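The structure under discussion appears below in the form of structure tokens.
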Amino acid sequence: MTMKLYGFWRSLATYRIRTALALKGVKAEEVSINLLQGKQYADEYTVVNPQSVVPALVIDDGPPLFQSMAILEYLEETHPQPALLPKDARGRARVRGLAQIAVADGHPIITPRVRNYLETELHLDEAARNRWCAHWMLKALEAIEGHLAKERETGRFCHGDSPTIADICLASQVIGATNYFNCDTTDMPTVMRIFGECMKIDAFDRSQPLKQPDAPKNPAH
Ligand SMILES: N[C@@H](CCC(=O)N[C@@H](CS)C(=O)NCC(=O)O)C(=O)O
């Protein structure tokens, strides 16, 4: 079986898949689609993903899988060990809910296509665009903190003592907030404690955007 992950070093959604693959010990060749150069709109890529976003995962000659949550669920079903979802339905609902705060509510409104629209159609300058992004990234993290701080299922990780899909999505959100938008995360101690636990795991750490071979050496990208 061959796997090809279409992604980009900077992409938070790609980070989620890279991390899940690493946790599960699944090898995939990564094909870089340079979002900063608009390569997501090139014909060669729109045949892979008509939405012009990464990630997409192609397995053998099969049709590309798309949307990071759907790909995470696919990997969980096809490579069940180590499990990234709890055994009980209620637990799975909680993990998916936490993940979706980042994936469905926080991340989509800071993506390049949204930032480009704010710039070219609404004429917001860079400072205003960054304010927008920082605001919405933090809102999602605050919502996650609200759950994690008070719910007894929270353990070393978001749900118990081993990492789940919720931790992968939390980590992607924290990386975006801190690496890209300089967010102040002091009001979310549980989120940051769990992020610290994630980063002790090699699969989370080495999948980070700034640790990818094509990432710029100067972090002020
Ligand atoms: N909901 C999608 C989001 C995909 C997405 O927006 N990816 C970003 C990179 S993290 C992208 O390719 N953006 C291209 C653009 O906005 O032009 C997922 O989770 O896979």
Checklist entry - Of all helices (runs of 4 or more DSSP H) completely enclosed by segment 1-113, which ones contain at least 1 residues that are acidic (D, E)? => result 43-46, 68-78
Checklist entry - Which numbered condition trips up N49, out of (1) more than 30 Å from C158 (Cα to Cα); (2) surrounded by fewer than 16 Cβ atoms within 10 Å (Cβ to Cβ)? => result (2)
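When you scan segment 147-175, how many residues do you find that are in a helix (DSSP H, G or I) and within 20 Å of the chain's Cα centre (by Cα)?
13
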Checklist entry - Is it the case that some residue within segment 88-99 is without any contact (Cβ under 8 Å) to a residue 60 or more places away in the chain and among the basic types (K, R)? => result yes
Checklist outcome for this item: If we keep only residues of segment 149-164 that are touching a His at 6+ places or on another chain (Cβ under 9 Å) and of a type outside the set (D, E), then the residue surrounded by the most Cβ atoms within 10 Å (Cβ to Cβ) is C158
Checklist entry - Among the listed residues L98, L118, which satisfies the condition of being under 26 Å from K150 (Cα atoms) and surrounded by 14 or more Cβ atoms within 10 Å (Cβ to Cβ)? => result L98
Item to check | Single unsatisfied condition, D61 versus (1) exposed (fewer than 12 other Cβ atoms within 10 Å of the Cβ); (2) modelled with pLDDT of 95 or more | outcome: (2)
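Yes/no per residue for (1) closer than 30 Å to A134 by Cα; (2) at pLDDT below 95; (3) within 16 Å of the chain's Cα centre (by Cα):
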residue: K24; (1), (2), (3): no, no, no
residue: L35; (1), (2), (3): yes, no, yes
residue: Y41; (1), (2), (3): yes, no, no
residue: L85; (1), (2), (3): yes, no, no
residue: A89; (1), (2), (3): no, no, no
Checklist outcome for this item: If we keep only residues of segment 66-90 that are more than 10 Å from the ligand (Cβ to nearest atom) and touching a strand residue (DSSP E or B) at 6+ places or on another chain (Cβ under 8 Å), then the residue farthest from K27 (Cα to Cα) is P86
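The values are calculated or read from the model by the stated rules, or taken from the named source; none is laboratory data. Here the structure is a predicted model, which means the values were calculated and not measured. With ideal geometry, Cβ positions are generated from the backbone for all residues, glycine too; neighbour counts draw on all protein chains shown.
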